[in-house]
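A quick write-up on the structure given underneath.
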Amino acid sequence: IANILWNHRMFLMRGDAKYIDVLERTMYNAALSGISLEGDRFFYPNVLESIGQHQRSPWFGCACCPSNVARFIPSVPGFAYAVKDNDVYVNLFLGSEVTLDAAGKQLKLVQETRYPWDGQVKIQVEPERTGRFAVLVRIPGWVRNQPVPSDLYSFLGDTAGEVVLKVNGHPVSLQTDSGYARLERDWQAGDTIELDLPMPVRRIISHENITSNTDKVALQRGPVVYCLEGPDNDGKVLDLVIRDDAELKTQFHPDLLGGVVTISGQAETAKRTLDGRILPDAKRDFTAIPYYAWAHRGRGEMVVWLAREPSAARVRPAPGERERYGIWNTR
C-alpha cells in the first residue's frame with residue numbers, strides 16, 4: 001500500500017505513466033494478495049514460494065493491515081483519473097462513472113470494461129458543453145513490452161501485439177508521450193474512446209544479477225501475475241519445469257476463486273538421481289491462477305518463479321536417497 005501511495009504521488013508530481021504502471025502492478029498483485037477474498041484475513045509478507053507453511057491471519061500483534069485495507073480499498077477510485085489544467089488523465093481501467101472539473105467545465109466520463117480479464121475498454125465522454133481539451137489515456141507498460149520501468153525484469157519472446165485506439169469508431173494514430181496517448185480535440189457529449197489492449201500470456205525473466213531466479217520464469221497476462229498452487233496441480237508444483245516452447249492456454253472460470261482467468265499447459269517434472277544429476281521426468285498438465293488468489297484452499301505448495309530447466313527446480317530426494325544419506329529436504 002505504501003508503494004501504491006508513493007507512486008501515485010510521484011505521478012501527480014511528474015505526470016509520467018511509469019508510476020501508474022508500478023501502482024497498477026502492485027495493486028493487482030502485491031496489495032490484493034495480502035487480503036483474503038472474504039476481506040477478513042491478511043498476509044504480512046508477499047512470499048513468492050511456499051511449501052505450505054503460509055496462511056493469512058485474522059489479526060497481528062502490530063495490526064496495521066486491517067486499518068490500511070479499510071482506508072485503501074475506498075481510495076482506489078481516486079487513482080483512476082486525474083486533471084491538470086485542460087488535460088484529463090485516464091490512469092486505471094475500471095468500470096466506473098466520474099464527474100470532473102476540466103477546462104472550465106464539468107466533464108463526465110463513463111468507463112465500461114472487464115479489465116483485467118479483458119483488454120477492451122470503452123470510455124464515453126460527456127462534457128456539459130462542447131469544448132477543446134485533451135484526454136490522456138494510459139498505454140500500460142506491459143503492453144509496450146516493459147513489465148516494469150527498469151531492466152529488473154523483461155519479457156521473453158515476441159511483443160504483446162497491436163494496441164488499437166479509436167475515437168467515435170475511427171482508428172487514431174497511437175503515439176505516446178510519457179506513456180499516454182494524447183487525444184486533443186473539440187469534445188462533445190456522446191463522443192467515445194475505445195481502447196483494445198491485447199492480452200496474450202507473457203513470460204517474464206529477471207536481470208541476470210538476480211541469481212536466485214536463474215533459469216526461472218514467471219507468467220503474466222495483462223497486469224496480473226500468476227502462480228502455480230497445489231490444489232490445481234495434484235498438490236506438487238515446486239518440481240515442475242515449464243519449457244520456453246510450452247503452449248499456454250487461457251480460460252475464464254466464473255466459479256473459481258471469485259471468477260478468474262487461468263493459464264494451463266504441459267510441464268515436465270524434474271527428478272534427482274543417486275549420482276546427483278537433476279533430469280526431466282514425466283510430463284504433467286498444469287494450471288496457474290492469479291497470484292492474488294492463492295492460499296484460499298488450505299495449506300499447500302505455491303510458486304511464482306517457475307523452473308525453465310530441470311536444474312532450477314526444487315526436486316525431491318532420489319528413491320533411497322533419504323535412507324542412504326539422511327536427507328529430508330533438498331534442492
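The values are calculated or read from the model by the stated rules, or taken from the named source; none is laboratory data. Values in this document were obtained by computation on a predicted structure and should not be read as measured data. Ideal geometry is used to build each Cβ from the backbone, glycine not excepted, and the neighbour counts take in all protein chains shown. Just so you know, the surface numbers come from the protein's heavy atoms only, side chains and all, with ligands and any DNA or RNA stripped out. Shrake-Rupley method; radii C 1.70, N 1.55, O 1.52, S 1.80 Å.
Treating each Cα of the stretch 253-293 as an identical point scatterer and ignoring solvent, apply the Debye formula and state log10 I(q)/I(0) at q = 0.23, 0.24 Å⁻¹. Rounded to two decimals, the profile gives -0.76, -0.79.
In whole angstrom, the stretch 137-286 maps to an equivalent ellipsoid with semi-axes of 39, 19, 11, each derived as √(5λ) from the alpha carbon gyration tensor and ordered largest first. In the complete set of protein chains, residue-level accessible area for residue 89 is approximately 30 Å², probe 1.4 angstrom. Across all Cα pairs in the chain, the calculated P(r) in 10 Å bins from zero up to the longest distance comes to 5, 23, 30, 23, 12, 5, 2, 1, 0 percent per bin. On a per residue basis, the convex hull of the C-alpha atoms belonging to the stretch 207-258 measures out at 130 Å³. Under 18 Å from a label point 7 Å along Cα→Cβ of residue 252: give me every residue in the stretch 111-128 with its amide N that close. Of the residues in the stretch 111-128, 111-123 have backbone N under 18 Å from the label point off residue 252. Taking 7 Å steps out from each Cα toward its Cβ at residue 212 and residue 54 produces label points 1.1 nm apart.
With the biggest extent put first, the Cα atoms of the stretch 1-93 measure 51, 25, 21 Å across the principal axes. The lysine pair count for the chain, using Cα distances under 21 Å and pairs eight or more places apart or on different chains, is 15. Positive end of the dipole of the chain (Cβ unit charges, origin at the Cα centre): among 88, 252, 103, the Cα lying farthest that way belongs to 252. Computed from the C-beta positions of residue 120 and residue 85 and an R0 of 35 Å, the FRET efficiency is 0.75 to the nearest 0.05. Accessible-area rank, largest first, for 59, 142: 59, 142, with all protein chains present and a 1.4 angstrom probe. Spin-label model, residue 311/residue 273: points 7 Å from Cα along the beta carbon direction are separated by 1.5 nm. When only Cα pairs below 8 angstrom with a gap of at least 6 residues are kept, the chain shows a relative contact order of 16 percent. Looking at the calculated P(r) for the stretch 55-160, what percent of the C-alpha pair distances fall above 19 Å? That fraction is 61 percent.
Annotation for residue 299 and residue 64: the two label points, set 7 Å from Cα along the Cα-Cβ direction, are 2.8 nm apart. Ligands, DNA and RNA are left out, and with a 1.4 angstrom probe the accessible area of the chain is 48 Å² per residue. Heavy-atom surface analysis with a 1.4 Å probe gives the stretch 158-227 a carbon and sulfur content of 40 percent of its accessible area. Rounded to the nearest Å, what's the spacing between the alpha carbon centres of the stretch 279-312 and the stretch 157-229? Just the number, please. Computed from Cα coordinates, the inter-centre distance equals 25 Å.
Only DSSP H runs of four or more residues enter the estimate; each adds -39500 (n - 2.57), and after division by the residues of the chain the mean residue ellipticity at 222 nm equals -3500 deg cm²/dmol.
The mean sequence separation of alpha-carbon pairs under 8 Å and at least six residues apart, normalised by the residue count of the stretch 58-151, gives a relative contact order of 21 percent. Among 50, 75, 67, the sequence by solvent-accessible area, most first, with a 1.4 Å probe is 67, 75, 50.
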